[in-house]
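Notes to accompany the following structure.
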């Protein structure tokens, strides 16, 4: 069998940033690397063209009576900036302190490699394994997966599986695995405000017009209440009640608020009333500003009134909020609150529906839960308990994997989300890394799940 | 005599941006160019070293009984960005439509060239002119003139003059000269807000902390009242009452509000109650945001909660506000209003005291106004009336020339500010230019002023 760590280094070396067109070579390199790896394991690999970055569809066919698992992953990564904060270059993977450092090491190249390695090992031991496996590996996850839904609709006849298995969620500590049972959704947009038709001298003209930075600041300041809730009428209307078992499970997390606060490095939390910080990131929606820009940003000063300023807004949604409704409410607030002495435009960005799946044997488990999905949950529970030394927790998570709700809607399939990255892995931030002990344990758990399903 | 337009092109070709260290060669080039030009007119030129960019001290000595005029100017310019909005490159001066286009053409290289050319012509005709002239040309005006005050204090024994003469202020139309009788002051600072110790994934952690962009937006939004006044207690306490003759003079401006609004390209003015737009920029202080920045600013989206965000704030002050007091009030508001769940630092930038000078024969003219200053005012009034076809207006202006108040304090000298640039000259913005007809007329007026003072 191949060495998964060495292969992961090769994978990370391809700078596959999907949101920036200057990384096209890195995108192609990463796609060709993972396609080649799956071909070497005997998979029939098809590289499906899209408008932007292709989707890898790799299948191991078999008797229709065999279980069929779809493994999802993505080969694209977040932009690496700000570059000057990295201790080693983002696309020169470096092994250090039992970790592999590099952009995409944890999101999602490392966890994807876990499942490829698990399948590789199992097939090496059992070349005739009675299990159908499909790898679906996309290249547009970090840009909102615009091609994935059309792909699902076009290829659904080949995706007639029992469930989807993936690792693109987190765990709180090296010895505490989390099976993610819910994901937040997303609504993103940019708001660009224009004042005067060109930049103005703040002395010659200051005092007669509303500065677009001021208009934008006043809008942004209006979007939260002082207690930390989102200040948009109707925003919380569809938020799902939390089940008691969910709060109980969360209480076993084993991280204290002081530890979490220290990890973040903040003077104090800022959480809506009635929720702990751990609950807030899982059970409540948010509105965040991901970027703001306007005017002079260089060294020293430039006494200018800028013509334009913009902000990038994102809302995280929870079940049963819908992106369409939240977008309407948000845009209505923006339109109503921006003053008439500036002009503005709202630029749609991507969105994702929130998702929830309930494990077997819970108060709210659906009565019609498929048997093979329940088998997979139970196999993972047993394997995690043995390999990691304690049972997994079943938690909703704050992040979004936009395609999970699409898969549910188009294919009717639920997803088993085996968390594998740690808080200190620095996803979407400088100095991303992946814990290599977690990687090896993850491979063992994944292998056991596939083996159990196949009856081995 | 030399051709002033050709010499101005040479001057503009040196990219003398004082706020950015990568333009050091351009700064030296501009300094050497203007020093050489003054030497060629017979001036004794001294290049006085400072911590940053040298000051040119060029003197024509003479009998102590002769009048002594100091001409002030600056050879540094604003940064040229955003570069993509320029129709011709900022440092390749281009003659087009009766104008010279290029960064610094109007601020301040063109107007400075006016006085050098006037002196050149006059001395060519009268080599023994009974007039002492000192050119003081600095290279740090656009960065707040940090070296100018120490220079004044050190060299004041050589600056024992009657008054200061300069052109670094504006006029509303080509045929309407303005003598600027007041300038606004300045207080600048940056505010940098820090949330978490590094950038965070907005899904994994969104909802537990205050985003620094949000904290900054809430602060910025708090700094104005809805009617457009600055919302800082005590901010307006020292604002000087406006004299009736000042409002009357302003009413002769000849620009309508509709024309001004259309020039700015804004949907509506946003002016504190009780003032016209023309009054607001001259008689009222402001608080502006010159730049704001935080988080992801590129193409597409990046769902990050940034660690830091900053804003660049500037206040324009009017007589008799003082920078020290306004800085205290502003900083107190910032400290009081930023929430305890973020950290922040305030970075001092430069400042300037507001200035006022009253022309002869007005309700508030000082009884002890020096005779040679009054002579200069009257000579300019007559020359402008003849050359431009109508008398000048005597107005306070919204801009700042930080060293004018320093000159008053250290040398005890008032300044005669002959406006020469037009609104469409685009100071501090892309596509700066200088009107060459105004340039030629300005040379004639300046020459007449020097000649009258010298008794010719």
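Laboratory data are not the source of any read-out in this text; all were calculated from the coordinates shown. None of these values were measured; they are calculated from a predicted model. Heads up, the Cβs are rebuilt from the backbone with ideal geometry, glycines too, and the neighbour counts pull from every protein chain shown.
This ranking places B:1, B:113 by how few other beta-carbon atoms lie within 10 Å of each, fewest first, which gives B:1, B:113. Placing a label point 7 Å from the Cα of residue B:22 along the Cα-to-Cβ line, the residues of region B:80-94 whose backbone N sits under 15 Å from it are B:80-84, B:90-91.
Across the copies of the chain, residue B:239 has label points (7 Å from Cα along Cα→Cβ) spaced 4.2 nm apart, shortest distance listed first.
Here r is the Cβ-Cβ distance between residue B:48 and residue A:85 and R0 is 56 Å; the resulting FRET efficiency, rounded to 0.05, is 0.85.
Among B:445-456, A:71-82, sorting by the average number of other beta carbon atoms lying within 10 angstrom of each residue, highest first, gives A:71-82, B:445-456. Shown for residue A:127: label points 7 Å from Cα along the beta-carbon vector, and their distances to the equivalent points in the other copies, 10.7 nm in ascending order. Neighbour counts of other Cβ atoms within 10 Å put B:37, A:166 in the fewest-to-most order B:37, A:166.
Go through B:269-277, B:104-112, B:357-365, B:26-34 and give me the packing order, highest mean Cβ count within 10 Å leading.
Working: B:269-277: 17.0, B:104-112: 28.6, B:357-365: 15.0, B:26-34: 21.0.
Descending mean neighbour count gives B:104-112, B:26-34, B:269-277, B:357-365.
Once you have a ≥ b ≥ c as the square roots of the Cα gyration tensor eigenvalues for region A:229-369, tell me rounded if a/c is under 1.5, and otherwise prolate or oblate according to whether a/b is larger than b/c. Cα axes put region A:229-369 in the oblate bin.
Can you bin region B:1-153 into rounded, prolate or oblate? Criterion: square roots of the alpha carbon gyration tensor eigenvalues sorted a ≥ b ≥ c, rounded for a/c under 1.5, prolate for a/b above b/c, oblate for the rest. Oblate, since a/c reaches 1.5 and b/c is not below a/b. Between the C-alpha center of region A:1-55 and that of region B:99-157 there is a gap of 63 Å.
Centre-to-centre, using Cα atoms only, region B:243-277 and region B:194-241 are separated by 30 Å.
Residues within the reach of a label modelled at residue B:149 (point 7 angstrom out along Cα to beta-carbon, backbone nitrogen below 15 Å), restricted to region B:344-380, are B:348-355.
The label point for residue A:65 and the one for residue B:362, both projected 7 Å from the Cα toward the Cβ, are 10.3 nm apart. Under the classification rounded if a/c is under 1.5, otherwise prolate if a/b is larger than b/c and oblate if not, where does region A:298-434 fall, given a ≥ b ≥ c as square roots of the Cα gyration tensor eigenvalues? Judged from the Cα gyration tensor, region A:298-434 comes out oblate (a/c at least 1.5, b/c at or above a/b). Dividing the helix sum by the residues of chain B, where each DSSP H run of 4 or more adds -39500 (n - 2.57), gives a mean residue ellipticity at 222 nm of -10000 deg cm²/dmol. Once both labels are positioned 7 Å from their Cα atoms along Cα-to-Cβ, the gap between residue B:94 and residue B:345 label points is 4.3 nm. The same position residue B:347 in the other copies lies at 2.6 nm from this copy, comparing label points 7 Å beyond Cα toward the beta-carbon, shortest first.
Going by how many other beta carbons lie within 10 Å of each one, how would you line up B:84, B:199, fewest first?
Working: B:84 6, B:199 23.
Fewest to most other Cβ atoms nearby, the residues stand as B:84, B:199.
Rounded to 0.05, the FRET efficiency of the residue B:32 and residue A:437 pair, given R0 = 60 Å and the Cβ-Cβ distance, is 0.40.
Write down, largest first, the equivalent ellipsoid semi-axes of the protein assembly as shown in whole Å, where each equals the square root of 5 times an eigenvalue of the alpha-carbon gyration tensor.
On the way: eigenvalues 915, 149, 96 Å².
Square roots of five times the eigenvalues give 68, 27, 22 Å.
In plain terms, the bigger the Kirkwood radius, the slower the diffusion; for chain B, with that radius from Cα pairs, at 4 °C and 1.567 mPa s, Stokes-Einstein puts D at 55 µm²/s.
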